[in-house]
Amino acid sequence: MPLRRKPHLSIGHWLGLAAIALLPLAAGLPLLGWQAERNLASQSRFQAAQAVAALERVLDNAAAAAQALAALPGQPCEQAVLELRRQVTGNPYVRSTALATPDAVYCTSLQGPYSEALAAGDFVAGRLRLFAADRVTPGRALLVYRHPTTQGSALATVDAEHLGNALAVAEPGSQLILKVGPAWLKADGRVAANEPPRFEVGASMAASTRYPFSILSGYPRSATERQWLRDAPILALLGLLGLTAALGTYWQRQRAGSQRQELERALAAGEFIPFFQPIVASDDGRCTGLEVLMRWQHPEDGLIRPDLFIPYAEGCGLIVPMTRDLLRQTAAILAPQVPCLEAGFHVGVNLTAAHCEAPTLVEDCREFLEQFPKGHVQLVLELTERELIVPTAQTLERLAAVRELGVKIALDDFGTGHSSLAYLQQFQVDYLKIDQRFVAMIDTEALSRHIVDSVIALCAKLGLDVVAEGVETAAQQAYLASHGVAYLQGYLFARPMHADAFIDYISNARPEAKQLASCAALG
Ligand code: C2E
Ligand code: CA
Ligand code: CA
């Protein structure tokens, strides 16, 4: 097939293909990134809330121990110390307990009598304080819960190990920080009082409603990369999708591009030529016109039928320049034959919807008619009923302009489409061409003939001139003539033929024209 050759793809095409291949990834990456950050943020909020709950449970124990000692502040240490120790052994998270006057600790469960300055103001909301270490276990952080009483306060301490455990609920890669006032503690048990680190991804904060502490949670930037790794199958799928789309487009473009390039080459090489099929009057059989039918004179494949290449030409927008070229060739062939053509000789040209919308239509018709003596040739534009033209203001305006030039409109393949009376009126159709499938019914049984009869009757009702296509038998000719069909076209009279053959045909068909010197010279 002539439309199979491979085209050359330009750099622009390759760039386009690369863009198609990368499009799903380019669109998917930000989406996945956004999704990854959303996941991390929600995970971060969740684990902060979990850590708050875990620490509240720990502090509940400390608070219970301190509350149990509420009656002891002010009492001598020797009397109270036993109860202090009992609270330590009775509460799982409590490391030690102590009693304090309003400004100093005076008794602890670990050492008995003791002395260290301590004021209510050292505690956040007077209740909670995070210490980097104490004298007993230097280097080991602790959280102190304070229960104020009229005589001072009862204290319960929680070891950093328990705090660390509560913070260890964090997912690997994430971090949790316990913040009590300005002091903060990480899962490694170290306390600091400077500005806590800022998390790059999913930073969130959850505050306890029952104790004056909060939990900061978040991830370093590297966590998003890990999330990317988790999404690797989706990324691979997106990549594959892009690749498939690019390959599909490449294949499609190869096909369409090869078709277009081959048609362009053939057009430039003048391989699309007109064949002419006579149209005769049904009463006396004289040739009153012709239909121009395009052929592709291919250098290797020979003569190619229009239905094998016209759909591609329509698809890639080349049908308009091809038809214009056909009109020019037809005018150049027929103009010298004017003496052999009867006045008002019909030249039917097939027109696609695309051409009706083309701005050059009026100029193309004018240029064609200018090649003939005024009024000698009747140009007829054949619009097929199978492809109804959208009656836009622009199309109607263009068709009105060509009608002003004296061009007529024929509705081709009449009976095969869905045109209504309103449609025929809108386009001011002058001729109807009855499709050959109805003509073929004439030779068949009575039922099918009814269909032909009704199509002919419909044409008569519309009051339009009628051409019957595909007349192959004398019986069909007689039937159509007797039913008032004025013009006939078909193999019975002549097949579509090369220009040279057509010139011979009209010279022989009009012997009286041969008398004219110019026609005889041509004939
Ligand atoms: P169409 O416009 O309906 O043209 C009539 C077709 O019927 C022609 O086929 C012609 O050869 C064929 N034909 C004529 N008399 C007989 C007959 O007695 N028996 C049979 N079986 N067939 C007959 P062709 O030349 O192959 O053209 C096919 C179609 O291609 C045309 O149908 C038309 O729709 C399209 N076409 C042809 N040339 C052009 C063109 O220049 N432009 C456009 N847009 N379409 C064209
Ligand atoms: Ca036609
Ligand atoms: Ca037709």
> For segment 327-429, what is one quarter of the convex hull surface built on the Cα atoms, given in nm²?
Replying inline: 6.5 nm²
> What does a probe at A119 reach in segment 167-206, counting residues whose amide N is under 18 Å from the point 7 Å along Cα→Cβ?
Replying inline: 182
> Assuming R0 = 30 Å, what is the FRET efficiency of A268 and L405, from their Cβ-Cβ distance, to the nearest 0.05?
Replying inline: 0.55
> Full extension from E342 to A168: what is 0.36 nm times the residue separation minus their Cα-Cα distance, to one decimal in nm?
Replying inline: 52.3 nm
>> Need the C-alpha centroid separation for segment 451-503 versus segment 176-200, integer Å.
In response: 98 Å
> Mean residue ellipticity at 222 nm from the helices of the chain, using -39,500 (n - 2.57) per DSSP H segment of n ≥ 4 over the full residue count, to the nearest 500 deg cm²/dmol?
Replying inline: -14000 deg cm²/dmol
>> How large is the accessible surface of E195 in square angstrom, using a 1.4 angstrom probe and rounding to the nearest 10?
In response: 140 Å²
> Round to a whole number: what % of the accessible area of the chain belongs to carbon and sulfur, probe 1.4 Å?
Replying inline: 57 percent
>> If you restrict to DSSP beta bridges whose two residues both lie in segment 44-224, what percentage is antiparallel, to the nearest 5?
In response: 100 percent
> In the chain, what percentage of the DSSP-assigned beta bridges are antiparallel, given to the nearest 5?
Replying inline: 70 percent
>> Using just the Cα positions, wrap segment 380-456 in a convex hull and report its mean projected area in square nanometres, one decimal place.
In response: 5.2 nm²
> Just the accessible area per residue of segment 280-329, please: how many Å² with a 1.4 Å probe?
Replying inline: 43 Å²
> Taking N as the number of residues in segment 100-203, what is its Cα Rg relative to 2.2 N^0.38 Å?
Replying inline: 1.19
> Roughly what % of DSSP beta bridges within segment 248-366 run antiparallel, to the nearest 5?
Replying inline: 75 percent
> Hey, what's segment 44-224 come to in accessible area per residue, 1.4 Å probe, Å²?
Replying inline: 46 Å²
>> What does the extension gain come out to for A354 and E387, with contour length at 0.36 nm per residue minus their alpha carbon separation?
In response: 10.8 nm
> Which whole number in µm²/s is D for the chain by Stokes-Einstein, with the Kirkwood Rh taken over Cα pairs at 37 °C and 0.692 mPa s?
Replying inline: 102 µm²/s
>> Principal axis extents for segment 297-386, Cα atoms only, whole Å, descending order, please.
In response: 36, 33, 22
> If you stretched the chain out fully between A192 and T101, how much longer would it get, using 0.36 nm times the residue separation minus the C-alpha to C-alpha distance?
Replying inline: 30.0 nm
> Between segment 238-302 and segment 103-156, how many Å separate their Cα centres?
Replying inline: 97 Å
> Rounded to two decimals, what ratio of Rg to Rh does segment 352-412 give with C-alpha atoms and a Kirkwood Rh?
Replying inline: 0.96
> What figure in square angstrom, to the nearest 10, would you give for the accessible area of M205 with a 1.4 Å probe?
Replying inline: 120 Å²
> Nearest 0.05, what FRET efficiency do A133 and A232 give at R0 = 51 Å with Cβ-Cβ as r?
Replying inline: 0.65
> Say R0 is 30 Å: what FRET efficiency, to the nearest 0.05, do A245 and H418 get from their beta-carbon distance?
Replying inline: 0.25
> For segment 44-224, what is the Kirkwood estimate of the hydrodynamic radius, computed as the reciprocal of the mean inverse distance between distinct Cα atoms, to one decimal in Å?
Replying inline: 16.6 Å
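The values are calculated or read from the model by the stated rules, or taken from the named source; none is laboratory data. The structure presented is a predicted model; accordingly, all values stated were derived computationally and were not measured. Note that each Cβ is placed from the backbone with ideal geometry, even for glycine, and that neighbours are counted across all protein chains shown. Note: areas computed on protein heavy atoms with side chains; ligands, DNA, RNA excluded. Shrake-Rupley method; radii C 1.70, N 1.55, O 1.52, S 1.80 Å.
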